[in-house]
Every structure is written in C-alpha cells, then in structure tokens.
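Accompanying notes for the structure given below.
The values are calculated or read from the model by the stated rules, or taken from the named source; none is laboratory data. Worth saying up front: this structure is predicted, and the values here are computed from it rather than measured. When we count neighbours, we look across all protein chains shown, and the Cβ atoms used for this are built from the backbone with ideal geometry, even at glycine. Note: areas computed on protein heavy atoms with side chains; ligands, DNA, RNA excluded. Shrake-Rupley method; radii C 1.70, N 1.55, O 1.52, S 1.80 Å.
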Number of protein chains: 2
Amino acid sequence: MTKHLFISSKGQLQARWQSAFPDAVVRTELGGGRPDVLWWARVPLNSAELSSAIATLSGVPVVVLSPEPVQEDAMHAIALGARGYCHSHATPAMLQQVAVAVTHGGLWLGPELMSRVMGAASERLLGEHPAEADPGLDLLTPRERAVALEVARGATNKEAARRLDITERTVKAHLGAAFEKLGVRDRLQLVLALKYVPVDIDHAA
Amino acid sequence: MTKHLFISSKGQLQARWQSAFPDAVVRTELGGGRPDVLWWARVPLNSAELSSAIATLSGVPVVVLSPEPVQEDAMHAIALGARGYCHSHATPAMLQQVAVAVTHGGLWLGPELMSRVMGAASERLLGEHPAEADPGLDLLTPRERAVALEVARGATNKEAARRLDITERTVKAHLGAAFEKLGVRDRLQLVLALKYVPVDIDHAA
DNA sequence: AAGCCTATTGGACCGGTGGACAGGGTGGGC
DNA sequence: GCCCACCCTGTCCACCGGTCCAATAGGCTT
C-alpha cells in the first residue's frame, strides 16, 4: 500500500486528504517513517524547509500543495526538486491522479504550468532564447539605456541625474519608459531583468 | 480499457510492446481511432511529423520512443509537446510505468533528463543559477537572510511579509538589520551586494 | 507640412521605503 | 537570576520612487 504523508501547518484539510487516501498521515513536521509520497502543504512556501525535506527524503517524490497556486511558487518548488505542484483543495480524484503520476516517475504540474515549464526548458537547453542576448537593453533609446545602467549599478534617481547632468525629473521619465518597455514595475526588477549586464570596469575593484 | 497506439517505421518491436499492453495497436501511420496514449517510435525523429501528430491528437499524451535516447532529441520532443521520452526497448514494466504517469497528467522523462529539464526550466524562468553561495549571506541571521532573498527576487516589503507570514514592519526590521550588516543603504544595493561581490557602493561620494 | 519619436523638464500626487523612536516575546550562556 | 541575540510588532515621519497631468524643442520620415 502506498504511504502518503502530508505536512501541513494546520491540520484543517486532513479530512479532505484522507478521503483521497484513507491511510494518509497528516503531520505538522517531518519525521516518522519514510512515505511513498510526501505532500508539502505548509504555507507560506519556505524554500529552505522544502529543500531540506526533499534532501532528507531523497528518492521520495514530493508534491507541493498550495491554497492559492502561483506560478512563481511552482517554479521554485520544482527548482528545489519537487515532483508536483497543485491546489491544496484539489478534489480527491485529482490528488489520486497526481499521486499516480509522481509515484510512477512522472512530474505533475497542471496543463498551463506544464507547457510553460516545457517551453522554458527547451528554450534554455536548445539555446534558442527568443530575445537571445539582450532581454531588453536594445529596446531602449540611448538615453533610457544610460539611465537604466546607472540605476542598475545602484544609483538613486538623484545620483543618476547628477552623473548624466540632467534633472531628476528626466531620470524618472526615462526610467518610466524603460519600465514600460521591459515590462517591469520598479528599478529592482529592472536590475533583475538586466542582471546579465557586466559590472562597469571602471567601478569594479 | 486504455488504448495504446504505437507509430513505428517498422514493426519489429511490436511483440515487446504488446507484452506491455496486450491490446496495443502498432501502425506505421497515424489514423484510425483516438488512442489514450500515442507512442511515437518513428526514427529518425522528424519534428514536423511529430508536431502535426501531437496537434492532430490534441489532448492525447504522446510519448516518444527512441532506440538510442539523446538528450537533444528529448528536448525537441518535449518542446513540441510530447509528454514523455524513453527507450524504445524499455522493459514492459517501464512502459507501463510511463503510461500510467502520462495518462494521469504527468510528464515522464527518466531521472537524469528530468533533473536536467527542471534545472533548465527554473534557471530560465527564475533567472537564477543554483545557489552560488553568497559570501555576504552568512553574516545574516536566518530570518534576515530569508527576507533578503525575498527582496533580492524583486519582492516588495508587503509581498515578502505575505510570503514569510510576518508583518511588513518585521520585514523592515530584518531588512534594516541586513542593510546595516552588509553596509548598503537600500534594497537595490543589497541585491547588487548579493549578486556581484566587488561593487563599490559609493559612486555618489 | 504634418506626424512621430526622442529628449528634456515641470508640478502634483501617493504609495513604498528606511530610519528613529518604542516596545514584547523566546531561548541560550554565564 | 541576568544578559544577550534573535524574532516579532507598533507609531511617526522624512524621503524616495513611480505615475499622472502636462509642455517645449529637435530630428526624422512621409
């Protein structure tokens, strides 16, 4: 018989899970025997905890359950080695499906996520990035690029303004345009989007 | 009963496959009814053919079989939407495993490929290389580190608070402590400090 | 000439951010 | 017991960051 172990912060979904797997064990902490499937339902998702759980139970498929599935969380989960990701309120039938898939060596993600992951993986491994080298820098005008690079080095708007000899207001304007073009919401995400940019030589030690 | 359709250039493995699935149908071309699983064993792998087959049988999981599995082929296959990839001489037991996984919504790739694909997908989607131990990070307490990492991913204080299940105020506290310890003035420079080590912070002077 | 893109700046608004006060709680070392 | 490090929370406030409303001016294509 397949042993299912659910790790949950609180036990409130125990009944639901046990209707999918009558012999399911629900606990708040890892421990005890070695299950055949580990269902990780602790919220919020803590990377460190999950990672150590996966490492501890090496070989046991881990499925992450979330009360409100987020793609980003799912990506983190599979990056850490999880074999599945689905809604913690999924129907018992769905949970059984997932269990079957992962215990037979599969990865279960749900249709949308699956296609996203597959697309990303193939892009990465086949080396055909859609916007290959620059995920954005050449979308920007020269001025926008200059401002973006200043900001990406950690400058405040005021500092960037001084270095480029323009008004802080203008910096904001260019920066706003850059946000728009790169589809990010703030300077920090701009930096993350531009993270490949090598640090200026004249500022490196 | 699950219907298995094998598409093969030549029929020589028919016996093996039928020992896994007694009612398996082996053909050289697509056609006839709609199977529950489509096993694609045509060699060499033709992207166009496979693609159109997957499109034609939309919704039917497709598993690509190869007499000599190559990672690149596997990547192409899943890029086109295949749900599995394995050796065409796999044991009947293995084939049954694969069938179970894919018919339950899973992706089946084999351990090595799976980890490769997962790694690639997460790198691509999260834009991160697997844990390159940041030197500054161990100056921080576990909680400060967790907050710092959330922020380093582009989260706002509010988002970090939600993800770590603490108040925004507490996020600020940990973050402030992290700024102090790392000698930076704001979240953006924190990210830079965690990503590239040798950046001089004071180009404002 | 008209239209568009780029660069530049202004003012105003408001939410996010970071620092400066405050505490409260736990657990471990001396 | 006391001290200390860590974790968590609160209020207040100045500043920064991002976006809205503009406007002016040069260069470029049509």
- Message: Please determine whether any residue of segment B:74-82 is assigned to a strand (DSSP E or B), free of Cβ contacts under 8 Å to residues at least 24 places away in the same chain and open to solvent by 10 Å² or more (accessible area, probe 1.4 Å).
- Response: no
- Applying the selection to segment B:40-73, what residues are within 14 Å of chain A (Cβ to nearest Cβ) and open to solvent by less than 10 Å² (accessible area, probe 1.4 Å)? B:Leu50, B:Val62, B:Val63, B:Val64
- Query: Out of segment B:172-184, which residues are near DNA strand C (Cβ under 8 Å from one of its atoms) and at pLDDT 90 or above?
  - Reply: B:Lys172, B:Ala173, B:Leu175, B:Gly176
- Taking segment B:115-131, which residues are open to solvent by 10 Å² or more (accessible area, probe 1.4 Å) and either of a type in the set (A, V, I, L, M) or modelled with pLDDT of 75 or more (or both)? B:Arg116, B:Met118, B:Leu125, B:Leu126, B:Ala131
- Note on the structure: A careful count of residues in segment B:133-171 that are open to solvent by 80 Å² or more (accessible area, probe 1.4 Å) and either more than 7 Å from DNA strand D (Cβ to nearest atom) or closer than 13 Å to B:Ala193 by Cβ (or both) gives 6
- Message: Can you report the number of residues in segment B:28-39 which are modelled with pLDDT of 85 or more and of a type in the set (D, E, K, R)?
- Response: 1
- Might you let me know whether segment A:2-16 holds any residue that is within 11 Å of chain B (Cβ to nearest Cβ) and in contact (Cβ under 8 Å) with a residue 24 or more places away in the chain? yes
- Task: Kindly establish whether B:Leu192 is within 29 Å of A:Ser9 (Cα to Cα) and either more than 9 Å from DNA strand C (Cβ to nearest atom) or modelled with pLDDT under 85 (or both).
- Result: no
- Just for segment A:14-29: of the residues that are open to solvent by 60 Å² or more (accessible area, probe 1.4 Å) and closer than 19 Å to A:Glu49 by Cβ, which one is farthest from the chain's Cα centre (by Cα)? A:Val25
- Matching residues in segment B:143-194 (away from chain A (no Cβ under 12 Å) and out of contact with any His (no Cβ under 9 Å at 6 or more places or on another chain)) number 18
